[in-house]
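Structure first, commentary second.
The values are calculated or read from the model by the stated rules, or taken from the named source; none is laboratory data. Here the structure is a predicted model, which is why all the values come from computation and not from measurement. Cβ: placed from backbone, ideal geometry, glycine included. Neighbour counts: every protein chain shown. Areas reflect the complete protein model, heavy atoms only, side chains present, ligands, DNA and RNA absent. Shrake-Rupley method; radii C 1.70, N 1.55, O 1.52, S 1.80 Å.
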Amino acid sequence: MARNKIALIGSGMIGGTLAHLAGLKDLGDVVLFDIAEGTPQGKALDIAESGPVEGFDGTFSGANDYAAIEGADVCIVTAGVARKPGMSRDDLLGINLKVMEQVGAGIAKYAPNAFVICITNPLDAMVWALQKFSGLPTNKVVGMAGVLDSARFRHFLASEFKVSVEDVTAFVLGGHGDTMVPLARYSTVAGIPLTDLVKMGWCTNERLEEIIQRTRDGGAEIVGLLKTGSAYYAPAASAIQMAESYLKDKKRVLPCAAALKGEYGLNDMYVGVPCVIGEGGVERVIEIELDTDERANFDKSVDSVKGLMEACRGIAPNLG
Ligand code: APR
């Protein structure tokens with residue numbers, strides 16, 4: 001049986017980490033693509049040379065021509081510009097929108113049956129534009145944000161409570177960024193909701209709010225420390241988990257930026273919601289009941305995504 005083919009569009013910090021993880025997890029053959037000459041080729045060769053040590057066999061190649069992604073089963077898109085200190089995700093919009101147009105055309109031509117995972121920021125607007133530019137079905141184009149945001153939340157909670165990250169689950173909704181909505185009553189330690197843990201004296205509401213705020217600012221905290229770029233280990237791990245759920249038809253329930261068709265009262269937009277990811281791509285969007293406060297926070301987040309979409313339409317009226 002032929003190995004799966006994974007195309008990584010963008011071979012920067014996240015792209016290289018994705019390729020390495022795909023090798024370590026034996027997910028298939030990997031093609032790194034980039035406009036920068038030498039970068040995808042160099043990273044591909046370096047990772048391939050780690051194969052004999054780590055014990056993985058997949059082939060790794062680099063390319064500057066979209067023809068190399070032909071027939072890919074999964075495309076993970078990180079092409080574009082990453083945030084520098086002082087830059088918001090939204091500052092990236094104009095530059096990265098043009099990149100999405102090129103990437104969408106390349107995927108439409110060479111990998112129209114792929115499951116496409118977008119990571120490029122500002123995420124919810126870029127994945128929406130990428131779906132439009134590529135013309136692929138909405139269930140096959142998804143954005144990576146919620147897995148990362150909830151991983152950050154889980155990490156902070158586990159270290160606060162001094163328990164294993166494995167026993168902490170976290171539930172986040174909404175856009176990727178400062179308005180994302182972590183839901184305390186659906187986030188748990190071994191099934192015990194955070195709201196109950198507060199009642200049990202594990203932490204105060206105020207401390208929980210601080211952790212939630214740190215989660216919202218999680219991306220900026222890393223940018224501030226790195227100074228020359230944004231996070232890449234955790235974003236890459238998160239996208240690989242989504243790709244694996246698709247390739248192995250695991251039907252994981254993961255928070256993703258998905259196209260909404262009436263769910264949560266929204267249409268023709270991408271925003272973070274819990275999804276079932278399997279061989280059909282986004283097989284189901286799970287719609288949960290929100291209380292008044294949660295709905296207000298979600299609406300605020302949706303409004304900020306809509307603002308980004310409007311800005312995109314201003315630059316590219318063909319987005320409709
Ligand atoms: N086509 C293909 N690749 C491109 C294009 C393009 N039009 N424009 C830029 N690139 C490539 C760059 O050459 C670079 O190698 O995209 C890569 C981006 O890599 P990095 O700058 O290292 O950024 P990275 O940290 O990987 O983040 C990528 O993900 O999380 C988001 O905000 C982040 O939007 C950013 C993206």
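Screening GLY58, GLY80 for residues that are over 24 Å from GLY143 (Cβ atoms) and crowded, with 19+ Cβ neighbours inside 10 Å leaves exactly one candidate, GLY58.
Look at (1) open to solvent by 20 Å² or more (accessible area, probe 1.4 Å); (2) modelled with pLDDT under 95 and you find that ALA316 fails only one, number (1). Scanning segment 110-121 for residues that are in a loop (DSSP other than H, G, I, E, B) and near the ligand (Cβ under 10 Å from one of its atoms), we see that the one that is modelled with the lowest pLDDT is ASN121. The combined condition, being outside the structural domain of ALA258 (by the TED database) and under 25 Å from ASP293 (Cβ atoms), is not fulfilled by ASP178. Selection of segment 154-170 for residues being farther than 14 Å from LEU208 by Cα, open to solvent by less than 80 Å² (accessible area, probe 1.4 Å) and in a loop (DSSP other than H, G, I, E, B) yields VAL163, SER164. Just the residues that are among the charged types (D, E, K, R) and either buried (at least 24 other Cβ atoms within 10 Å of the Cβ) or outside the structural domain of ALA72 (by the TED database) (or both), please, taken from segment 135-153. Correct list: ASP149, ARG152.
Among the numbered conditions (1) open to solvent by less than 20 Å² (accessible area, probe 1.4 Å); (2) out of contact with any Phe, Trp or Tyr (no Cβ under 8 Å at 6 or more places or on another chain), the only one that THR215 does not meet is (2).
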